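These notes are about the structure you will find just below.
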């Protein structure tokens with residue numbers, strides 16, 4: 001039988017079946033965009049704590065102090081209001097704290113008197129409380145140094161490794177692309193194979209004289225193409241909505257293509273193993289989250305400790321995030337060079353495709 | 001009638017017992033989120049930092065002591081300059097703090113510096129380190145700007161003059177010390193309830209339409225009401241059966257020997273137990289316990305009703321699974337899972353007011369972590385309203401759908 005014709009026929013059949021499951025495919029694509037939204041919401045909690053500013057002074061030093069608060073390493077989103085409004089907002093969970101500048105602030109500062117600033121914190125958890133506790137001294141230091149008050153003897157001098165900081169959300173959405181690749185390609189790959197068992201057509205495959213490998217290749221190419229289209233949609237959202245543009249577009253495309261190939265094959269293997277879409281989908285969702293965080297998605301993985309970093313090497317997402325953060329922002333988030341990450345991805349894509357096709361074709365004839 | 005209701009509920013329980021895939025669909029994503037929280041805890045708060053002290057001077061040593069003492073901020077390791085350089089290149093540390101050789105001499109002319117070489121890969125990580133080092137540096141000239149000074153300085157009437165001329169009088173609103181992990185475990189519990197209640201009932205309902213068993217139910221002589229009530233009771237029992245042991249386990253976790261922070265057990269044991277140990281819930285007083293049960297019941301009924309509505313609307317197990325997973329994710333994040341609602345833009349805060357999980361998460365945290373039940377009444381009222389309306393709507397929708405099956 002002509003291999004090319006068989007491949008095309010299999011792909012056409014898969015396309016027709018996918019066409020009949022448009023809602024499922026659309027929901028899968030929606031999940032991809034949802035992940036972006038979710039990581040963005042998480043990213044929003046990393047900085048700019050909403051804090052009420054109650055300024056009873058309004059003098060020049062108070063204004064300088066407010067400027068120092070605003071410049072304190074993206075710590076505060078100050079919301080000027082009076083004491084009653086602040087109290088109400090604090091107790092209704094709309095603020096994490098309030099800062100009160102007393103009435104005599106400017107006069108006392110001018111006279112060289114130390115002024116206590118009242119800080120009220122809704123200490124819902126230790127981490128959030130620590131963030132606010134650390135941020136206020138940073139503002140106080142900036143205020144003191146700006147006015148060159150006598151007696152300040154030590155300062156921090158910062159030398160950055162990167163020429164500029166990368167925003168937390170731009171960092172997170174790029175790593176979310178790798179997560180998307182895993183979920184979408186994995187689910188579509190799983191659906192392509194599991195459907196054969198769900199509909200009982202696996203028996204026809206087994207009885208057919210055609211090569212099961214070629215038939216599966218046709219199915220997986222369609223699943224991969226659909227996953228690539230959904231990822232392209234996500235990429236467009238990242239570029240147009242988030243304004244995050246890759247500095248190395250070809251590396252981005254190459255990495256995403258490798259991710260699609262890897263995860264389509266892994267998904268197909270899971271689908272063949274579990275024989276039900278209903279079982280494969282939650283498994284992929286469940287695995288995606290731990291893989292995601294243990295892949296340098298939030299910060300370079302090695303900062304989380306050697307054990308977590310070593311485990312991360314088992315996940316293709318680790319290498320994908322390594323290449324994608326470099327391709328978008330020029331960042332190095334893995335100790336390994338970027339070309340090594342890229343080569344590992346390529347190798348994994350090749351191995352996953354070969355093993356899956358071989359295993360599935362054997363499984364189909366048994 | 002009661003026999004019919006119980007029969008229907010038992011049947012649903014039996015179907016669930018024989019459906020490992022459905023169980024997995026409900027539990028895997030939520031447990032995945034749980035692992036995510038455990039790993040997140042390692043990522044937030046403390047960063048690995050190298051400290052290089054190049055001076056043997058008295059003041060340099062004092063500066064180093066202040067930095068070393070801030071254990072909440074850094075995972076600090078003393079290194080030589082060469083070791084530190086290799087470590088930052090290999091990403092074993094996120095920053096190098098250098099107390100230079102001429103620190104004591106420069107201090108005499110008020111120009112001493114603490115150098116920070118920072119891997120500013122993203123602002124979250126970089127700002128954490130900047131804030132922490134700045135506070136350590138400030139503490140050198142103004143000891144009250146340290147954590148102890150913030151907590152026990154001006155707020156208790158003790159104000160020491162400092163060269164920055166500003167001090168902090170901190171007042172905490174709550175008498176509590178909830179860790180990030182404990183705080184985030186609560187939304188996971190709610191996510192598990194949503195997943196099981198919503199997905200479980202939706203899958204059972206969709207299954208009836210896929211397999212045509214809905215028609216058999218319509219023909220049953222017991223009438224539709226007992227069957228509808230039985231379905232809702234079944235969904236509720238399934239949710240309780242799966243959630244209750246998990247919550248009970250959370251209360252018992254503190255008795256696992258190696259879960260204590262100061263535990264000196266082998267590293268591999270600690271790693272193995274980090275998952276279960278992370279699932280640690282404080283045992284509340286009995287009044288809070290009752291409030292907790294009422295809240296869990298209201299959330300369960302809400303999700304069971306919503307699941308029934310989803311199943312009636314879609315009538316396809318695969319669509320139900322994907323929609324349920326998407327819906328659970330939105331309910332989780334918009335309700336305050338992994339996020340603090342106050343940080344979100346105003347319009348999202350407005351949206352989150354219409355998300356029942358927000359009230360569930362807030363209420364559970366209030367009942368478990370804080371000494372009073374302020375705001376709990378509102379949370380329970382909203383959730384009870386949601387439960388009532390979703391159950392009533394679900395009953396009508398299910399009865400109507402079966403009639404037309």
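The values are calculated or read from the model by the stated rules, or taken from the named source; none is laboratory data. The structure presented is a predicted model; accordingly, all values stated were derived computationally and were not measured. So basically every Cβ, Gly included, is an ideal-geometry build from the backbone, and we count neighbours across all protein chains shown.
The figures follow:
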quantity	calculated
Hits in the range B:6-18 - residues which are crowded, with 19+ Cβ neighbours inside 10 Å and either farther than 23 Å from residue B:189 by Cβ or free of Cβ contacts under 8 Å to residues at least 12 places away in the same chain (or both)	B:8, B:9
Leading residue by the ranking (surrounded by the fewest Cβ atoms within 10 Å (Cβ to Cβ)) among those in the range A:292-318 that are more than 9 Å from chain B (Cβ to nearest Cβ) and in a helix (DSSP H, G or I)	A:310
Of all residues making up the range A:71-99, the number that are loosely packed, with under 15 Cβ neighbours inside 10 Å and either touching a strand residue (DSSP E or B) at 6+ places or on another chain (Cβ under 7 Å) or more than 19 Å from residue B:376 (Cα to Cα) (or both)	4
Breaking point among (1) touching a helix residue (DSSP H, G or I) at 6+ places or on another chain (Cβ under 8 Å); (2) touching a residue at least 12 places away in the same chain (Cβ under 8 Å), for residue B:175	(1)
Given (1) within 9 Å of chain B (Cβ to nearest Cβ); (2) in contact (Cβ under 8 Å) with a residue 12 or more places away in the chain, index of the condition residue A:123 fails	(2)
Given (1) surrounded by fewer than 24 Cβ atoms within 10 Å (Cβ to Cβ); (2) within 14 Å of residue B:196 (Cβ to Cβ), index of the condition residue B:316 fails	(2)
Enumerated helices (runs of 4 or more DSSP H) restricted to the range B:67-150, each holding at least 3 residues that are within 18 Å of residue A:157 (Cα to Cα), touching a residue at least 12 places away in the same chain (Cβ under 8 Å) and within 7 Å of chain A (Cβ to nearest Cβ)	B:123-141
The lone exception for residue A:95 - which of (1) more than 30 Å from residue B:324 (Cα to Cα); (2) assigned to a helix (DSSP H, G or I) it fails	(2)
Of the criteria (1) in contact with a helix residue (DSSP H, G or I) (Cβ under 6 Å, 6 or more places away or on another chain); (2) within 9 Å of another protein chain (Cβ to nearest Cβ), which one residue A:98 fails	(2)
Any hit, the range B:379-399, residues being in contact with a helix residue (DSSP H, G or I) (Cβ under 7 Å, 6 or more places away or on another chain), assigned by TED's automatic domain parsing to the domain that holds residue B:289 and under 26 Å from residue A:44 (Cα atoms)	yes
Residue list for the range A:126-154, restricted to those being touching a residue at least 60 places away in the same chain (Cβ under 8 Å), more than 7 Å from every other protein chain (Cβ to nearest Cβ) and in a helix (DSSP H, G or I)	A:131, A:132, A:139, A:142, A:146
So residue A:198, is it surrounded by fewer than 24 Cβ atoms within 10 Å (Cβ to Cβ), assigned by TED's automatic domain parsing to the domain that holds residue A:276, out of contact with any helix residue (DSSP H, G or I) (no Cβ under 6 Å at 6 or more places or on another chain) and on the phi < 0 side of the Ramachandran plot	yes
Condition check for residue A:157: in a helix (DSSP H, G or I) and out of contact with any helix residue (DSSP H, G or I) (no Cβ under 9 Å at 6 or more places or on another chain)	no
Hits in the range A:192-202 - residues which are closer than 18 Å to residue A:9 by Cα and in a helix (DSSP H, G or I)	A:192, A:193, A:195, A:196, A:202
Filtered residue count, the range A:27-84, keeping only those that are assigned to a strand (DSSP E or B), out of contact with any helix residue (DSSP H, G or I) (no Cβ under 7 Å at 6 or more places or on another chain) and more than 9 Å from chain B (Cβ to nearest Cβ)	3
Some residue of the range B:33-56 being assigned to a helix (DSSP H, G or I) and surrounded by fewer than 17 Cβ atoms within 10 Å (Cβ to Cβ)	no
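Here's the yes/no breakdown for (1) over 30 Å from residue B:309 (Cα atoms); (2) more than 11 Å from chain A (Cβ to nearest Cβ); (3) touching a strand residue (DSSP E or B) at 6+ places or on another chain (Cβ under 9 Å); (4) modelled with pLDDT of 85 or more:
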| residue | (1), (2), (3), (4) |
| --- | --- |
| B:155 | yes, no, yes, no |
| B:162 | yes, no, no, yes |
| B:170 | yes, no, yes, yes |
| B:175 | yes, no, no, no |
| B:203 | no, no, no, yes |
